[in-house]
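Chemist: I'd like to ask some things about the structure below.
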Amino acid sequence: MESKWFRRPSTLPLAIAIMAMMIIVVGGTIRIYDAGESCPDWPQCFGTWGFDVSEEDQGIWYDETGEYDSRGPDQRYTTFEIFIEWIHRVLASLMAIPVLANFLIILKRREQYGSSLVKISFFTGILLTIQGIAGAVTVRFDNADWSVALHLGLACCFVYILLWQFFAMRKIEGANWKVFSVPEEFKQSQYKRYTILTASIFLLLILGAWVSSSPNANQGCSIGFPDAWPKCQGDILPSLDNSGILVQMVHRIGAGVVGLALIFGVMKFKENAREQGVHAAYSKCLDTAGAFWLANVFVGGLYVVYAKMGDFPEGLSLLHLVLGVASFLSASIGLMLLRLSEEGAEDE
């Protein structure tokens with residue numbers, strides 16, 4: 001008889017993954033409120049360890065250090081804006097405790113879980129450290145678009161690895177899920193397709209972070225319907241002389257290509273799955289990823305249509321990020337389960 005879920009070691013990486021996804025949402029909130037520079041130094045915040053820094057004290061810090069905000073020497077932040085950046089750092093730092101515990105638990109039970117999971121849990125700690133460095137780099141370069149994209153990409157990889165560890169541990173712990181059983185021929189023929197679809201969604205997500213963090217790209221296609229969306233600068237195929245328009249169009253075309261790939265890829269995958277009697281969970285993961293992608297296309301369009309020059313709807317921006325991450329993770333879960341599946345595994 002299996003132990004209760006809260007007593008299983010596999011619950012810890014799942015809990016860390018959920019916590020990491022919460023931190024991603026907080027990070028998205030920072031971006032949409034343009035609060036990425038609200039703690040201009042690292043690891044401190046305006047030379048303090050707190051977040052309640054008055055506008056006067058902010059001005060004193062700027063004058064003493066000479067490190068003025070990228071939006072000008074008169075830029076000041078509210079307590080709320082400083083707080084969301086501060087709590088983001090606190091949560092990310094506290095993450096080190098369960099990550100270390102996760103490694104020590106797997107190390108202690110390495111005979112049960114195997115050396116590969118010991119290495120994975122150790123690498124999770126390394127990746128968390130790299131993510132912290134990436135956060136410092138993001139602050140150092142004043143939230144440059146490439147640094148924000150890097151930060152989000154590493155966060156998604158962090159969640160991916162933790163979810164992989166969770167499913168691998170559940171399999172070792174004796175979870176006889178039907179989804180762990182697929183014909184070897186099906187796995188060999190479909191694993192590459194699943195990997196390409198998942199990687200495509202990931203690249204689109206990173207490109208979206210790049211676009212949303214770049215003022216030129218954000219405003220590249222102007223605003224309003226239909227000149228800004230579905231058109232760009234009033235044209236279906238605008239001139240690409242402007243870098244902002246170029247990045248925006250690459251993102252839009254990429255979204256279309258990924259969408260078509262999902263539609264036709266899922267159709268082919270389902271056809272093969274039905275023929276070989278494969279569990280429906282794999283198809284459902286791709287269906288869910290596709291549904292999130294479709295919803296995100298409309299949210300992205302609304303984001304542009306309802307924007308005003310220099311002022312973008314924060315709620316839609318955050319939703320756009322959440323749907324993008326959800327689409328990637330939905331496909332990722334199916335990919336993980338397919339990778340862990342075996343010929344002739346027991347059914348429940």
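Chemist: So Ala134 clears everything in (1) among the hydrophobic types (A, V, I, L, M, F, W, C); (2) under 23 Å from Gly47 (Cα atoms); (3) crowded, with 17+ Cβ neighbours inside 10 Å; (4) modelled with pLDDT of 90 or more except one condition, right? Which one?
Modeler: So the condition that Ala134 fails would be (4).
Chemist: Can you name the residue in segment 159-178 that is assigned to a helix (DSSP H, G or I) and over 25 Å from the mean Cα position of the chain (by Cα) and is also modelled with the lowest pLDDT among such residues?
Modeler: Lys178
Chemist: From Val53, Val99, Val90, grab the single residue that is assigned by TED's automatic domain parsing to the domain that holds Ser10 and at pLDDT 95 or above.
Modeler: The conditions single out Val99.
Chemist: Would you confirm whether any residue within segment 58-66 is touching an Asp or Glu at 6+ places or on another chain (Cβ under 7 Å) and either modelled with pLDDT of 90 or more or not hydrophobic (A, V, I, L, M, F, W, C) (or both)?
Modeler: no
Chemist: Moving to a separate point now. Taking into account only those residues within segment 222-249 that are touching a helix residue (DSSP H, G or I) at 6+ places or on another chain (Cβ under 7 Å) and in a helix (DSSP H, G or I), which is farthest from Lys284 (Cα to Cα)?
Modeler: For segment 222-249, the residue satisfying everything is Ser243.
Chemist: Could I ask something else about it? Can you spot a residue in segment 27-40 that is outside any helix (DSSP H, G or I) and surrounded by fewer than 14 Cβ atoms within 10 Å (Cβ to Cβ)?
Modeler: No, that holds for no residue.
The values are calculated or read from the model by the stated rules, or taken from the named source; none is laboratory data. Worth saying up front: this structure is predicted, and the values here are computed from it rather than measured. Please note: Cβ atoms are built from the backbone with ideal geometry, for glycine as well, and neighbour counts cover all protein chains shown.
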